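Peer 1: Can you keep this structure in mind? I'll have questions shortly.
The values are calculated or read from the model by the stated rules, or taken from the named source; none is laboratory data. Please read these numbers as outputs of a predicted model, since none were measured by experiment. Cβ placement follows ideal geometry from the backbone for every residue including glycine, while neighbour counts extend to all protein chains displayed.
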C-alpha cells in the first residue's frame, strides 16, 4: 500500500452538506470498493495533480453503491464497509472524502444537472480524473466526452484514469472478488496491497456458539452476500493484540435463523468479553465450505474438527517459518 504520513481528512456526507468551497479541488469519482492497487494508482494521479496545483484532493463515493441501488440482493458482494473505505482513503493521504447517497433524487438528475450541482457548485472542481467508461445522469447523457465539453464551459479539466494490470488482467474489484472466491488470500493481498480483512463491531447474537461450547464474536455484514463464505483460519486484532481464530462466514444453515450472512469468530485460547469492541479479522486459509448438518451433535463434532484443523494449520505455518 502507498505509505504516506497520515494527516487530517475531511469527511462530508450528503448532498445537503455540499457547499461551494473557498478553494477549488482535484476530484475523482467511483465506488473504490476495496481500494485496491488499481484504485491506489488513480489516487496517486489525483494527489500528484493536487500537489502541482496546490489544491485539495477529493474522492467522491456513493452509498449505497450504484449497483446495490439498482440490483439490491443481486449486487456484487462488498469488499469493505463505508467506514473501512473512508479510513483507508484517509490513510492514503486523501484530503477530503465526499459520500453522496445514491437515491431516487440523485438518480433523477440529468447529466447536466449533476455537473452543475455537484461538480461545479458543490465541489468547485478544477480537475476531474475519471475512467473513460464513466457514465452518469438519468438521461445517460453523461460520459467522458460530455465531461470534456462541460469542462470547457465551466473551467475544469478532465483526465482519464490510469489502468493497472496484473498477470495480463486489469486490477479491479471484480478480479479481487474472483480471487477471494478461490480462497487465494496471497493473490488477493497482492492486488489489495494489504491482507484481506473484515472489520466490524462485535454484537450480541443468540448465543448459539456459547451453548455449543464455542463462543463466537459476531459481526453483522449487513449485506445480502459476502465476498467469501465458509470456515477459515483467521488472525483477529482485538485492541492491538493478535489472536488466532476459527471463523465462519455464512447464514448458519444448520441453525436456519439467518437470511443475510454474518461473520462469526471463535478466538482460540481466549477468555474475555469483547462485546461492543471493534475487531479486524484477517483471512489466512480456508478449511471447508459452509454446510448444513442433520443434527446439532454433528455440527458440534464438525466444529471440533475445524478447530483442530485450524490449530494444526497454524502450527504448520509456524514450523515452516522457523525453518526459514
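Peer 1: Exactly one condition in (1) touching a helix residue (DSSP H, G or I) at 6+ places or on another chain (Cβ under 9 Å); (2) touching a residue at least 40 places away in the same chain (Cβ under 8 Å); (3) in the same structural domain as residue 317 (by TED's automatic domain parsing); (4) surrounded by fewer than 17 Cβ atoms within 10 Å (Cβ to Cβ) is false for residue 290; which is it?
Peer 2: So the condition that residue 290 fails would be (1).
Peer 1: If we keep just the residues of segment 1-26 that are touching a helix residue (DSSP H, G or I) at 6+ places or on another chain (Cβ under 7 Å) and at pLDDT 90 or above, which is nearest to residue 79 (Cα to Cα)?
Peer 2: 11
Peer 1: OK, next. Go through (1) within 19 Å of residue 26 (Cβ to Cβ); (2) modelled with pLDDT under 95 and name the single condition residue 129 misses.
Peer 2: Here residue 129 clears every test but (2).
Peer 1: Answer yes or no as to whether residue 188 is assigned to a loop (DSSP other than H, G, I, E, B) and buried (at least 18 other Cβ atoms within 10 Å of the Cβ).
Peer 2: no
Peer 1: Would you mind finding the one in 239, 250 that is closer than 22 Å to residue 220 by Cβ, in contact (Cβ under 8 Å) with a residue 24 or more places away in the chain, outside the structural domain of residue 88 (by TED's automatic domain parsing) and loosely packed, with under 13 Cβ neighbours inside 10 Å?
Peer 2: 239
Peer 1: For segment 112-126, does any single residue satisfy the condition of being closer than 28 Å to residue 192 by Cβ and more than 14 Å from the chain's Cα centre (by Cα)?
Peer 2: Looking through segment 112-126, at least one residue is closer than 28 Å to residue 192 by Cβ and more than 14 Å from the chain's Cα centre (by Cα).
Peer 1: So, in segment 129-139, of the ones that are within 27 Å of the chain's Cα centre (by Cα) and in a loop (DSSP other than H, G, I, E, B), which residue ends up nearest to residue 171 (Cα to Cα)?
Peer 2: 131
Peer 1: Also, quick follow-up: So which residues in segment 113-128 are assigned to a strand (DSSP E or B) and surrounded by fewer than 22 Cβ atoms within 10 Å (Cβ to Cβ)?
Peer 2: 126
Peer 1: Looking for something closer than 20 Å to residue 102 by Cβ and not in a helix (DSSP H, G or I) - is there at least one such residue anywhere in segment 142-156?
Peer 2: Taking every residue of segment 142-156 in turn, at least one turns out to be closer than 20 Å to residue 102 by Cβ and not in a helix (DSSP H, G or I).
Peer 1: When residues of segment 299-312 are filtered for being farther than 15 Å from residue 234 by Cα, surrounded by fewer than 18 Cβ atoms within 10 Å (Cβ to Cβ) and touching a residue at least 40 places away in the same chain (Cβ under 8 Å), how many remain?
Peer 2: 1
Peer 1: Of the residues that sit in segment 150-161 and are farther than 14 Å from residue 114 by Cα and touching a strand residue (DSSP E or B) at 6+ places or on another chain (Cβ under 9 Å), which one is surrounded by the most Cβ atoms within 10 Å (Cβ to Cβ)?
Peer 2: Step by step, filter segment 150-161, then rank; the result is 156.
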